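Notes follow the structure.
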Amino acid sequence: MAIAAALYSSVGHGGASAYLAIMALFSVTPETMRPTALALNLVVATFAAARFALKGQTNWRLLAAFAATAVPAAYIGGSIELPPTVYRPLVGLVLLGAAVRLFWQPERRAARPAYAPSLAVTLPTGAALGMLAGLTGTGGGIFLSPLIILFGWEDARKTSGIAAAFIVLNSAAGLLGNLASVQRLPAELPILVASVFGGALVGTWLGVARLPRPRLLQGLAIVLVIAALKLFVT
């Protein structure tokens, strides 16, 4: 999990899709998967968000445009208890989407002038991503950042800052939406938190600049696909 946290935090993500994939591979119950992923996401994304914010790499206005509807939607999504027969395939689809995102890295595209999207675009997009975050235990940032880059709403560095803060808000709202789920957190949570925090520390400090990050992310995408397939057949 530490490696996943390092890779994800370097681009402003919390790593929830990787944590869900690892838990799926070890057949962790859905009741434990969602709050654990949100809790670990909150730790890593908070550290990443602070790093980008201190460097002035967060577009707060654009963040607010998405978060205005994402946060309440994440709260509602977190309050909904999905049966395993629904939760597992839903998370499987999210993992497949995350794998596609890791294979396709739009931040490597040529930079172009940024422009602000209208509220007619950001509000429904934020609501959809927030609901998905609350229901599945993800933060939504892994899907928000490619949209921002693809449509030229912000540059790559500020996109990472937006994604990190977006994940923090959604993860916190998702946990608050179902405080009872916190009681299902595993006893090993302190060890997991220490692991992902260490990974985030390395990832945000070095930016994984000395590692072949595109290839590592693609390798992680393969793990997500395997975990997704396991969720579909169990």
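What to note about this one:
- Taking label points 7 Å from Cα along the Cα-to-Cβ direction, A114 and L179 give a separation of 3.7 nm.
- Remark: spin-label model distance R157-A53 equals 1.9 nm, labels positioned 7 Å along the Cα→Cβ axis.
- Per-pair calculated FRET efficiency, R0 = 30 Å: F232 and A187 via Cβ, rounded to 0.05: 0.55
- For V91, net neighbour charge (Lys/Arg +1, Asp/Glu -1) across residues whose Cβ lies under 12 Å away: +3
- Length added when fully stretched, L82-W104, from 0.36 nm per residue minus Cα-Cα: 4.9 nm
- Label-point separation in nm, L150 to T29, each point 7 Å along Cα→Cβ: 3.7 nm
Values quoted throughout were computed directly from the atomic coordinates according to the rules given, and no laboratory measurement underlies them. Values in this document were obtained by computation on a predicted structure and should not be read as measured data. Cβ coordinates were reconstructed from backbone atoms using ideal geometry, including for glycine residues, and neighbour counts include every protein chain displayed.
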